Amino acid sequence: MAVEQTFAIIKPDAVGAGNAGNIIQMIEDNGFNIVCMKKTRLTTAQAQGFYHVHSERPFFGELVEFMTSGPCVVLMLEAEGAISKWRDLMGPTDATKAGPDTVRGRYGTDIGRNASHGSDAPETAAFETQYFFNCFERL
Ligand code: UDP
Ligand code: MG
């Protein structure tokens, strides 16, 4: 399997609850290299742009409100098969259905407040990474 990069967010629910460190530990324990990382707070426009593919969905307004409700931690991760590997470690979107060894199972609450984001394909990983990190921030 090829080494690839993915983009991750530790969402405002998890950061607000003081779980960012625990999630970063899970990321490192599972063999990801953290290429770059920062703490930031999204504006409404930034959150709308990031989630533009969901703009017609009924939960869009709620999602943007949640993602701007407090700071989050954004990361670029690298590993063999990083995209599916990170989504497996996060667990399913609905945190109530996520296993106890997953990020969402441990630190999420429900289908909206689910502690983390992960890219779903190489194209979205590239778009989402450049949305937050410029080339000089990539270590
Ligand atoms: N979401 C929501 N309600 C839903 C589905 C999704 O609030 O019914 C939120 C949730 O925070 C999710 C995000 O919208 O992580 C993006 O949805 P997507 O289907 O892309 O799930 P993901 O890729 O994050 O697992
Ligand atoms: Mg998604």
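No value in this document is a laboratory result; all are computed from the given coordinates. Keep in mind the model is a prediction, meaning the values are calculated, not measured. Using ideal geometry, Cβ is built from the backbone for each residue, glycine included, and neighbour counts are taken over all protein chains shown.
Just a few scattered comments:
- Note on Asn33 and Ser84: the model spin-label points, each 7 Å out from Cα along the C-beta direction, lie 2.2 nm apart.
- This ranking places Val3, Val64, Val103, Val35 by how few other beta-carbon atoms lie within 10 Å of each, fewest first, which gives Val3, Val35, Val64, Val103.
- Packing-based exposure ordering (other Cβ within 10 Å, fewest first) of Tyr131, Tyr51: Tyr131, Tyr51
- Model label zone, Ile111; criterion: amide N under 12 Å from point 7 Å along Cα-to-beta-carbon; scope region 48-65: 58-60
- Contact order relative to length of the chain, as percent, for alpha carbon pairs under 8 angstrom and 6 or more apart: 37
- For region 69-139, the relative contact order works out to 24 percent when only alpha carbon pairs closer than 8 Å and six or more residues apart are counted.
- Farthest toward the positive end of the dipole of the chain, out of Ser69, Ile23, Ile83, is the Cα of Ser69, where the dipole comes from beta carbon charges about the Cα centre.
- Three-way shape label, region 33-139, alpha-carbon gyration tensor, a/c 1.5: oblate
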